[in-house]
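Below: one structure, written as structure tokens.
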Amino acid sequence: MELNGRQINKVAVIGLGLTGRSCVNFLLGQGVSPTLIDTREQLDTIELQQQFPDLDIKLGALEQCELTSFDLLLVSPGITVQQAVFEHAMAAGVLVWGDVELFAHFVKAPVIGITGSNGKTTVTSLLTEMANNAGVKAVAIGNIGVPVLDVVNDSSIELFVLELSSFQLETTYQLELAGATVLNISDDHMDRYDGLDDYAQAKQRIYHHCACAVVNRDDQLTKTSHLNIVSFGVTKPALDNEYGIDDNALYQGETRLIGCDELAMIGLHNQLNALAALALGQQVGLNRSAMLDTLRQFTGLAHRCELVSNKFDVRWLNDSKATNVGATLAALTGLTQLDGQLIVIAGGDTKGGDLTPLVAPFNTQVDHLIVIGRDRQLFVDLFPNALISDSLEHAVATANELAKAGDVVLLSPASASIDMFKNYMERGQHFIDAVEGLDVS
């Protein structure tokens, strides 16, 4: 296998989760037999040995794996490359890439790249649906759950819509994009980065080789000095390369596109998501009418401000995908016009994030706060009246005792789920199950 003019013979795949296994399968298809490495010493390798019987598997500390002996290291996004062992490898001339960088060297169809602290999965899914409705065969890949190397050789795909995390961008260098966006930046993954600016710089890597940068003009940290810029924001746009909102409608420049009340998604944050998708779709020539029709039908994603029940005439909203403060703030922004009480369930693993931006909206909008999870005391420190629950099921029961007809109960944790659940999806399903299990008598 040749990459960057170099013959690549020895490859190690580091991290043997979904992404790592995708890398292994792709490499085998290229005639390369990689070494498999995972830092988890207790990893059960029986399935791996059955799936890849001829490959060498190493478990334990990376320092023991002689990484400088390889030509290429493919590192899974959950593993930071800001470690001495990788720095030594790079100094020795070893390529240290993620799967997205390898994808970049093989992809033939146009690629749109989407990142941001919040909304990236929604915009990725929305734009993919817009493209398919416009007659362009598109697939959503990357951080959304479909490994990029699983589909890179599918010649029937006309557009790749690529969701990128900051972790993936750290090991991506030459990805050429038809359009790219950083939707927004807020505190997230502060347990991995040296602060908000460091995190923003990782996100900004998406712009390095893009034909057009789509920026949020209301968020300074998303902006770039790129020569070709399109912007979106909450204000009325003035120029054709600006998208915005005026008189309860979405606009491009002075052209009215669609009324906000025509959108199937609710909330200001989703209006901004729609603008970003429209701007990105324009960069690859998607039919505008098809894109607008999609906005009339696309209701959003599971676990993202999802109405899961109207039991007892209470609206139960599952926003389990709100794994950081910015996502919860976005949910609250969409719930400002309520007649009844707003009861919020929050808490989990805050990942070192700053909770203080929640103080003002929680104090003005939230009637009752119920907190769960490992970092619940951090919420109590800011909100002394918060009610503590030992489990999500208990929190739902407490919310049910507090709620009356016309109220809203919102699960929006502002935290990751891994302290109590496998992932945010499992957390959301536990919430749904707990609501369904409430006694109707």
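FYI, it's all coordinate maths here, none of it is from the lab. As the structure is a prediction and not an experimental result, all values here were calculated from the model. FYI the Cβ positions are ideal-geometry reconstructions off the backbone, even for glycines, and counts take in every protein chain you see.
Overview of results
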| quantity | calculated |
| --- | --- |
| Counting DSSP beta bridges with both ends in the range 320-441, the antiparallel % (nearest 5) | 10 |
| Chain lengthening between ILE57 and ASN363 when straightened (0.36 nm per residue, less Cα-Cα) | 104.9 nm |
| Antiparallel DSSP beta bridges within the chain, as percent of all bridges there, nearest 5 | 20 |
| Estimated inter-spin distance, HIS226 and ASP439, nm [label 7 Å along Cα→Cβ] | 5.7 |
| When each of LYS10/LYS203; LYS137/LYS321; LYS58/LYS203; LYS108/LYS223; LYS321/LYS351; LYS108/LYS321 is checked by Cα-Cα distance, pairs over 22 Å | LYS10/LYS203; LYS137/LYS321; LYS58/LYS203; LYS108/LYS223; LYS108/LYS321 |
| Estimated dipole of the range 102-297 in Debye, rounded to 20 [Cβ of Lys and Arg +1, of Asp and Glu -1, Cα centre] | 400 |
| Helix-only mean residue ellipticity at 222 nm for the chain, each DSSP H run of n ≥ 4 adding -39500 (n - 2.57), per residue, nearest 500 | -8500 deg cm²/dmol |
| Cα-centre dipole for the chain with unit charges at Cβ (Lys and Arg positive, Asp and Glu negative), debye to 20 | 740 |
| Theoretical gain in end-to-end length, ASP390 to GLU47 [0.36 nm per residue, Cα-Cα removed] | 119.9 nm |
